[in-house]
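Enquirer: What follows is a single structure, and I will ask about it in a moment.
The values are calculated or read from the model by the stated rules, or taken from the named source; none is laboratory data. Because the structure is predicted, anything quoted here is derived from the model rather than measured. Here the Cβ positions follow ideal geometry from the backbone for every residue, glycine too, while neighbour counts run over all protein chains shown. Each accessible area value is taken on the protein alone, full model and side chains, heavy atoms only, with ligands, DNA and RNA left out. Shrake-Rupley method; radii C 1.70, N 1.55, O 1.52, S 1.80 Å.
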Amino acid sequence: MKFVVVTGGVLSGLGKGISTSSIGVLLKSRGLNISPVKIDPYLNVDAGTMNPYQHGEVFVLDDGAEVDLDLGNYERFLDMNLTGEHNITTGKVYRAVIEKERRGDYLGKTVQIIPHVTDQIKEMVRAVGSKEKADIVLIEVGGTVGDIEGMPFVEALRQLALEEGKENVLFVHTTLVPIMGAVGEQKTKPTQQSVRELRSMGVQPSAIIARGERSLEPEIKQKIAFFCDVPVEGVISAPDATTIYDVPLIFDGQGLTDYILERLHLQPKGEDLKEWRAYLERLKNPKGEVTIALVGKYTHLKDSYISHIEAFHHAAAAAGVHVTIKWVESMDIEKRGTSMLEGVGGILVPGGFGDRGIEGKIKAIEFARENEIPFQGVCLGFQLATVEFARHALGFDDANSTEFNPKTKAPVIDLLPEQRGVKSMGATMRLGAHLVDVDADSKTAKLYAEEPVKERHRHRYEVNPEYIAKLEAAGLRYVGRSDGARRMEVLELRGHPYFVASQFHPELKSRPLRPSPLHLGLVQAAAKSK
Ligand code: GLN
């Protein structure tokens, strides 16, 4: 088993996750079995309790693990389903060490960061690879080298390289090469300094990925190679790309794949990026254009909706159109009305928590329903489509979810029965992939074609069964159900061109070559309605 470790320098937000995913794609394209691992040096056990506004979307895996959004990038790029073990946090590491200490596993010893915490980290990293019989464990270290939180991880990976042998562990460092001044000179000093920081921890990178507006000038590559003690073939430009799905090809074009394989003494096998190139071809040659309004409340941080953005890219390529997302803050609809929705081809109301912006989302749904604009609701969007219909089609004026109004006279959305006793907030929602039965004569069934509908969930509330008969009599159809038809999972509106909402999150399983069926349905309906 070999290990490739990706660290980050200079500043955050350089696209380390995309670089890591791209390296994964390239190694996989040579027939190798890749196991990606994201290290997050925060004390939270998982990302489930973190605010999307600060940290971006919480991604959910089949097994119900709530993880960093980079796991979503790995799944999309590598087209694989991961488990919670692929996300190692400081919280998980310390919890395991403290449990061992209490059990007496370290009896007599003083428990310390080195070796006990670092041993735990190595154990977790190796365990993922062994379980999956990986050829290469691809590890991304979150944060920036030099952060106090990240130090035990960098130290553990340094020890790993010593134990496994230098030819089995390769470090890739991602940095920034800013362009300064009127002549547009590429500056290497931040890269030199962050590599020096990494070397002071005993880690010598074998490759440097330099982010910047433009490709590195040849002499700048040479300079970085010389100052950072890396062969020039190991210095890779990562210029701004038109789409993130270009990045693997940008790296491969500079010889990164062969370079990594050589360094790890692996025999390069034939390359297979055919499907990847074909996908890019479709993505870049659209035959039409549609605009989808995304009505959310975390719209200032686009990472909060990253899986939807990507699902629309996948759907766009499949539908042969270009999708532009129009970002609409639901509070703005509350203040200024729905005029900003006029002219859009489709409307998406995604998931969310808390009552801020709820009424704006309900207005957007009403607008889509009345004006026959293709509409997709996801999770909270599904719940609010039910609320909107109860209010305006059934005349239950104060209908609501008890999440937002516990005293409503028409609690059409209510807490899941098994949530009633739940006090602790971490990992206690209804989570992960569950099978959904879909009525054969629905739009949803057609979109999923032969596939079983097994989608991922993350919620505490659901449609209150007491109201289903009334809602259905007025024209809403619950066409998808789970758990022996106990829970409502998908709704469609009779007589509307496309009004489909799901309690589950189809965006989480969307892949470049297998787009989310419900996002594709929305994009196709939007393209048709033009
Ligand atoms: N807040 C809602 C619930 O907990 C919706 C959750 C979501 O959109 N992910 O059920």
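Enquirer: Can you tell me which residue within region 437-467, out of those that are of a type in the set (A, V, I, L, M) and crowded, with 16+ Cβ neighbours inside 10 Å, is farthest from the ligand (Cβ to nearest atom)?
Expert: Ala445
Enquirer: Of all residues in region 396-416, how many are closer than 21 Å to Asp483 by Cα and either open to solvent by 70 Å² or more (accessible area, probe 1.4 Å) or of a type in the set (Val, Ile, Thr) (or both)?
Expert: Matching residues across region 396-416 total 2.
Enquirer: Could you give every pair whose Cβ atoms fall below 7 Å, whose first residue belongs to region 342-365 and is farther than 11 Å from Tyr298 by Cβ, and whose second residue is open to solvent by 10 Å² or more (accessible area, probe 1.4 Å) and within 14 Å of the ligand (Cβ to nearest atom), counting only separations of at least 6 or pairs across chains?
Expert: Asp355/Phe404; Ile358/Phe404
Enquirer: Also, quick follow-up: Considering only residues that are at pLDDT 95 or above and of a type in the set (Gly, Ala, Ser), which ones fall in region 30-55?
Expert: Within region 30-55, Ser35 is the sole residue that qualifies.
Enquirer: Name the one entry in Lys446, Lys454 that is over 26 Å from Asn400 (Cβ atoms) and assigned to a strand (DSSP E or B).
Expert: Just one listed residue meets the conditions, Lys454.
Enquirer: Right, next: Do you know which residues across region 380-407 are over 20 Å from His496 (Cα atoms) and either within 15 Å of the ligand (Cβ to nearest atom) or of a type in the set (A, V, I, L, M, F, W, C) (or both)?
Expert: Within region 380-407, Leu380, Phe396, Ala399, Asn400, Ser401, Thr402, Glu403, Phe404, Asn405, Pro406 meet the criteria.
Enquirer: Looking at region 248-258, is at least one residue modelled with pLDDT of 95 or more, open to solvent by 60 Å² or more (accessible area, probe 1.4 Å), in contact with a Leu (Cβ under 6 Å, 6 or more places away or on another chain) and in a helix (DSSP H, G or I)?
Expert: Looking through region 248-258, none of the residues is modelled with pLDDT of 95 or more, open to solvent by 60 Å² or more (accessible area, probe 1.4 Å), in contact with a Leu (Cβ under 6 Å, 6 or more places away or on another chain) and in a helix (DSSP H, G or I).
Enquirer: For Thr243, all conditions in the list (1) among the hydroxyl-bearing types (Ser, Thr, Tyr); (2) crowded, with 17+ Cβ neighbours inside 10 Å; (3) in contact with a His (Cβ under 9 Å, 6 or more places away or on another chain) hold save one; what is the number of the exception?
Expert: Checking Thr243 against (1) among the hydroxyl-bearing types (Ser, Thr, Tyr); (2) crowded, with 17+ Cβ neighbours inside 10 Å; (3) in contact with a His (Cβ under 9 Å, 6 or more places away or on another chain), the one that fails is (2).
The rows are residues; the columns are (1) closer than 22 Å to Gly351 by Cβ; (2) part of a loop (DSSP other than H, G, I, E, B); (3) open to solvent by 40 Å² or more (accessible area, probe 1.4 Å).
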position	(1), (2), (3)
Leu71	yes, no, no
Phe77	no, no, no
Leu82	yes, yes, no
Lys92	no, no, yes
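Enquirer: While we're on this one: Any residue in region 466-491 that's under 19 Å from Ala399 (Cβ atoms) and of a type in the set (Lys, Arg): show its pairings with residues that are open to solvent by 60 Å² or more (accessible area, probe 1.4 Å) and assigned to a loop (DSSP other than H, G, I, E, B) at Cβ separation under 8 Å, as long as the two are six or more apart or on different chains.
Expert: Arg477/Arg494
Enquirer: Counting only residues that are in a strand (DSSP E or B), away from the ligand (no atom under 16 Å from the Cβ), farther than 15 Å from Ala390 by Cα and touching a helix residue (DSSP H, G or I) at 6+ places or on another chain (Cβ under 8 Å), how many does region 481-499 have?
Expert: Qualifying residue count for the region: 1.
Enquirer: Something else about it: For the list (1) touching a residue at least 60 places away in the same chain (Cβ under 8 Å); (2) crowded, with 21+ Cβ neighbours inside 10 Å, I need the number of the one condition that Val67 fails.
Expert: Status for Val67: all satisfied but (1).
Enquirer: Confirm whether Asp332 is in a strand (DSSP E or B) and either within 25 Å of Tyr305 (Cβ to Cβ) or within 12 Å of the ligand (Cβ to nearest atom) (or both).
Expert: no
Enquirer: Within region 421-429, identify whether any single residue is modelled with pLDDT under 95, under 18 Å from Leu380 (Cβ atoms), of a type in the set (S, T, N, Q) and part of a loop (DSSP other than H, G, I, E, B), and answer yes or no.
Expert: yes
Enquirer: Go through the residues of region 346-366 one by one and say whether even a single one is away from the ligand (no atom under 16 Å from the Cβ), touching a Gly at 6+ places or on another chain (Cβ under 8 Å), of a type outside the set (Phe, Trp, Tyr) and assigned to a helix (DSSP H, G or I).
Expert: Yes, region 346-366 contains at least one residue that is away from the ligand (no atom under 16 Å from the Cβ), touching a Gly at 6+ places or on another chain (Cβ under 8 Å), of a type outside the set (Phe, Trp, Tyr) and assigned to a helix (DSSP H, G or I).
Enquirer: Give the residues of region 387-420 that are over 24 Å from Ala47 (Cα atoms), of a type in the set (Asp, Glu) and assigned to a helix (DSSP H, G or I), sorted by residue number.
Expert: Glu388
Enquirer: Here is a follow-up. Tell me which residues, restricted to region 74-123, are under 29 Å from Val247 (Cα atoms) and among the aliphatic types (A, V, I, L, M).
Expert: Leu78, Met80, Leu82, Ile88
Enquirer: With without any contact (Cβ under 8 Å) to a residue 12 or more places away in the chain and surrounded by 15 or more Cβ atoms within 10 Å (Cβ to Cβ) as the only criterion, which of Lys187, Lys166 stands out?
Expert: The match here is Lys187.
Enquirer: Return the residues of region 127-136 that are surrounded by fewer than 17 Cβ atoms within 10 Å (Cβ to Cβ) and in a helix (DSSP H, G or I); say none if nothing qualifies.
Expert: Ala127, Ser130, Lys131
Enquirer: Okay, moving on. Within region 10-32, how many residues turn out to be assigned to a loop (DSSP other than H, G, I, E, B) and in contact with a helix residue (DSSP H, G or I) (Cβ under 9 Å, 6 or more places away or on another chain)?
Expert: 6
Enquirer: Let me ask something else. Under 8 Å between Cβ atoms, at least 6 apart or on separate chains: pull out the pairs that start in region 276-288 with a residue that is under 26 Å from Ser529 (Cβ atoms) and end on any residue that is surrounded by 13 or more Cβ atoms within 10 Å (Cβ to Cβ) and among the hydroxyl-bearing types (Ser, Thr, Tyr).
Expert: Final answer for the pair search is Tyr279/Tyr245; Leu283/Tyr245.
Enquirer: Looking at (1) surrounded by fewer than 16 Cβ atoms within 10 Å (Cβ to Cβ); (2) not in a loop (DSSP other than H, G, I, E, B), find the lone condition where Ala156 falls short.
Expert: So Ala156 meets the others, but not (1).
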